[in-house]
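Note sheet for the following structure.
The values are calculated or read from the model by the stated rules, or taken from the named source; none is laboratory data. Keep in mind that what you see is a predicted model, and the values were worked out from it rather than measured. Every residue, glycine as well, gets a Cβ built from its backbone with ideal geometry; the counts of neighbours run over all protein chains shown.
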Amino acid sequence: MLNNKKGLETKMLITIILLLIGFGFLLLFLTRISHSELSEREACKESVTLRALPSAILKETGSFVPLNCKTQKFCITAGFLGGDCKEDEKKGIDGNFEKSDRVVKVKVDNEKEIAKKIAEEVFICWDMLGQGRLSLFSQGWKARFGLTSDFVSSCVVCSRIAFDSKTLKDKGIQIDKVNVYDYMMKHKVPGKEFTYAEYIASGSPAGVAVKSFSEFSEKTKETIESQAGRGLLGEAQQFRQQAPSTENPEIAIVFMQFSAPKYQDVLINTLGVVGGAFVLPGVGKVAIWTVKVASKIPIINYIALIGLAAVSAKQAYNVYKGYEASVGYCSDISIEGRVDDNYGCSGVRVMPYDMDALKQFCGAIESIP
Amino acid sequence: MNNKKGILPEEVMKLIISVLVIVGLVYLAYLMYSFLRTPTEVRQAQEIVKQVASRINALENKGSMKLAGPKCWFLYAKENQVCVGCKNIGDECERKICKQDDERCIPIKKELSVSFKNENQIEVYFNEILLEKQNGNIIISKKL
């Protein structure tokens, strides 16, 4: 009896200690996420993990978990003191960047350093948002059952980079000579054994880490190279061409993800719900009774058949619209073998920070400006 | 008697630990609740209005801002404040569920006032605004 009691007390004590430890860990985790104890980027990464958890377990995106990703702002400047990134000095208009305490000035000495900064930001963005492996954005329950044709891509603006044209010009740095694509192809990520291009193109750092570029299959190599001028890496090259068109250009590094449901997913989800209705206690009996009664009346059978065919046709049409949207959003950043059967994609775009350009690729922005 | 004295502190310890655990769990639940209850779009709107107010306060002559905020949230002026709020305006926003408290306002400097040039409010969803200072009045217009 006494032994039993002691055993019980020890058990209780262990339970309490375990509870306290678990509670401590959870508290630490949540405090770190909700307060700015961690850097903004680490906070973003943690919120990404938290959001992706339900999708890993339940195949459902935890869109109720808000992403905690703040857009980082950089001003590329040159010279001893550096300058400000004003939008248009001639017109006397202050750009977004002026007088903002969250702008980090980056001093550069040449074009290569600008390319390096942009390549780093692309790398960080891709890594922070889960390297395209995590499903972060949901199209909603209607899409899962093929009941809507309204599909949008979601974006996180990881960083905005503006240029202080005046000091850069004084230093002899020409923005139009910045070749980000070339830099990403030729330079390795600091501390890693793969280049920026290899890392992003493979979508798997582990896979790249063990392979050098020369060991890459010819097919992959070709795919990377064929992206020049288009898509993920191509956008970077596009920036090289677009940059001189404005007085003080500003670019955005944007993570984009799009996913649309496939025919088989819609079918499984629909059958799951319909089947579930027959199994549920109470509801199931009513459903079975309804079917039994309805099946005896021929007109109801015909109506049910026509209704079923109409719903199926609508679902098929919506899934096709999703596929079409997927092609629109993803065709330029799709690298063979990484696109989920053309029904979705993830990518990082280096694009001008222009509202029309952003609107073209992003249906919704999920980052904090 | 000795037994009783020995048991008493042990029971008190258990009670204290239980209370501590319960208080901790309540705090944890509160943290979780406050983290999850603020949707991304509210936080985006909060940040946008903060930035607009800060730009207005620091504006010397002219300025522009690119607003990449949530759909169906509008920027408008209210007395001496600049606000963003969720509104069911237009076809696309008609079915949006806007809560009553979906409004965030930030007061600007007392000596300044804000007005809108052509429309009373501007959607913060992929829009660029121009700010112009005229005799202490900040005029906001949509950049076309």
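Can you find a residue that is surrounded by 13 or more Cβ atoms within 10 Å (Cβ to Cβ) and over 23 Å from B:E132 (Cβ atoms) anywhere in the range B:49-69?
no
Please report, ordered by residue number, the helices (runs of 4 or more DSSP H) entirely within the range A:101-182 with at least 3 residues that are among the β-branched types (V, I, T).
A:111-128
Considering only the range B:18-73, state which residues are under 25 Å from A:K73 (Cβ atoms), hydrophobic (A, V, I, L, M, F, W, C) and more than 13 Å from the chain's Cα centre (by Cα).
B:F35, B:I56, B:A58, B:L59, B:M65, B:L67, B:A68, listed by residue number.
Restricting to the range B:107-127, and then to whatever is of a type outside the set (A, V, I, L, M, F, W, C) and within 18 Å of A:E366 (Cα to Cα), can you tell me which residue is farthest from the other protein chains (Cβ to nearest Cβ)?
Selected residue: B:E123.
What number of residues within the range A:355-369 satisfy the criterion of being in contact (Cβ under 8 Å) with a residue 12 or more places away in the chain and charged (D, E, K, R)?
1
Every residue in the range B:50-96 that is among the acidic types (D, E) and within 11 Å of chain A (Cβ to nearest Cβ), please.
So the first thing to find is which residues in the range B:50-96 are among the acidic types (D, E), and the list is B:60, B:79, B:91-92, B:94.
Of everything in the range B:50-96, those that are among the acidic types (D, E) and within 11 Å of chain A (Cβ to nearest Cβ) turn out to be B:E60, B:E92.
Go through (1) within 26 Å of A:N68 (Cβ to Cβ); (2) modelled with pLDDT of 85 or more one by one and return the number of the condition A:Y183 breaks.
(1)
Of all residues in the range A:55-93, how many are at pLDDT 80 or above, facing chain B (nearest Cβ under 10 Å) and either touching a strand residue (DSSP E or B) at 6+ places or on another chain (Cβ under 7 Å) or assigned to a strand (DSSP E or B) (or both)?
Adding up the residues that qualify gives 4.
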